[in-house]
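Visitor: Please see the structure below; I have some questions.
The values are calculated or read from the model by the stated rules, or taken from the named source; none is laboratory data. Only a predicted model underlies this, so the values are computations on that prediction, with no experimental measurement involved. FYI the Cβ positions are ideal-geometry reconstructions off the backbone, even for glycines, and counts take in every protein chain you see. All accessible areas refer to the heavy atoms of the entire protein, side chains included, with ligands and DNA or RNA removed. Shrake-Rupley method; radii C 1.70, N 1.55, O 1.52, S 1.80 Å.
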Amino acid sequence: ADMSAPSPSSLRLWPGAALGGCSADEVLPATSATAATVAAAAESGVGPCIPALGLSVFTAASFASEDECEALIGSAHRLLAKEAVSPQPKKCRLSIVSEIEGLLLRRLLALLESSELAHHFFGQREGLADLEVDFHPGEPAVNIYLPDGHFAPHTDKQAISLLVPLSPPGAFSGGGTAFWTNGHHGPRPTEGQPSYEPADARSWLPHDLLLNPARGTAIIFGGDVTHSGLHVIAGTRHIFVMSFSLKPRGCLLAPAAASLPMESEKDSENPIPPAAIALGDYYARSSRY
């Protein structure tokens with residue numbers, strides 16, 4: 001398998017989710033800002049307004065190959081068939097253990113090191129592969145969304161998150177990943193005003209950025225960035241998800257619980273593991289493929 005990572009120049013900053021109190025025209029333009037130029041500007045203080053990298057969203061085209069995307073989809077569906085769940089829920093997460101997810105992890109770490117973002121996310125510019133990986137529970141995984149399948153806004157509470165769309169062109173309509181700069185809720189209602197439920201989409205603010213990039217594109221962002229998988233209208237959407245922190249080998253970290261809302265009281269009574277309940281309808285852990 002090809003271990004090569006995209007070049008740093010292929011990393012694109014999307015300032016719509018990283019304004020950090022700045023106006024859009026003060027942020028380094030997405031058409032010219034690479035991770036390297038943003039990191040250099042942040043260290044030197046050059047520029048009228050430097051985006052907060054921890055609230056930034058980056059993409060890297062052609063991060064995963066066509067064959068890798070197909071292999072991950074195949075692994076997820078073999079696991080789903082093995083579990084014999086019928087009917088298939090509108091969304092499900094399949095925890096994948098394979099050579100490919102390890103390859104994508106190493107490719108991401110190499111990309112971060114080559115683009116200077118390694119220092120921002122992990123406090124060192126090299127040697128990331130020598131650190132121990134602490135994954136979010138149930139990840140790496142492939143999420144599968146059928147029509148009306150979606151994922152409510154949340155933060156991952158890890159150092160970094162990687163999403164890779166896997167579906168071929170035309171496989172679904174709708175969907176995409178939405179991002180919010182300062183959370184998805186407006187100010188809490190004042191006394192005398194009607195209250196709202198956090199899970200009620202009618203109370204959500206409009207998202208600041210929507211990405212629905214080509215198959216194999218890496219979407220990279222920090223663990224405090226609020227994001228959501230939007231409703232699929234038709235077809236089937238597959239996306240690889242991997243959120244993690246790094247630590248020195250042998251060092252224990254307190255577990256990070258993502259702020260994923262429970263969807264109903266019925267979910268809270270479900271014996272499925274908590275990480276799965278947070279996602280929604282179904283969870284399965286894979287054997288090695």
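Visitor: Taking the condition of being in contact (Cβ under 8 Å) with a residue 40 or more places away in the chain, crowded, with 16+ Cβ neighbours inside 10 Å and either out of contact with any strand residue (DSSP E or B) (no Cβ under 9 Å at 6 or more places or on another chain) or within 21 Å of Phe172 (Cβ to Cβ) (or both), how many residues in region 104-118 meet it?
Guide: 3
Visitor: Turning to a different aspect of this structure: Which of the residues belonging to region 61-82 are open to solvent by 80 Å² or more (accessible area, probe 1.4 Å) and of a type outside the set (S, T, N, Q)? Please lay out each step first, then the result.
Guide: Step one: filter region 61-82 for residues open to solvent by 80 Å² or more (accessible area, probe 1.4 Å), giving 62, 66-67, 70, 78, 82.
Within region 61-82, Glu66, Asp67, Glu70, Arg78, Lys82 qualify.
Visitor: So, one more: Here's a check for you: in region 130-154, which residue that is β-branched (Val, Ile, Thr) and surrounded by 20 or more Cβ atoms within 10 Å (Cβ to Cβ) is nearest to Ile233 (Cα to Cα)? Steps first, answer last, please.
Guide: Initially, region 130-154 is screened for residues β-branched (Val, Ile, Thr), giving 133, 142, 144.
From what's left, surrounded by 20 or more Cβ atoms within 10 Å (Cβ to Cβ): 142, 144.
Values: Val142: 19, Ile144: 13 Å.
Taking the candidates together, the pick is Ile144.
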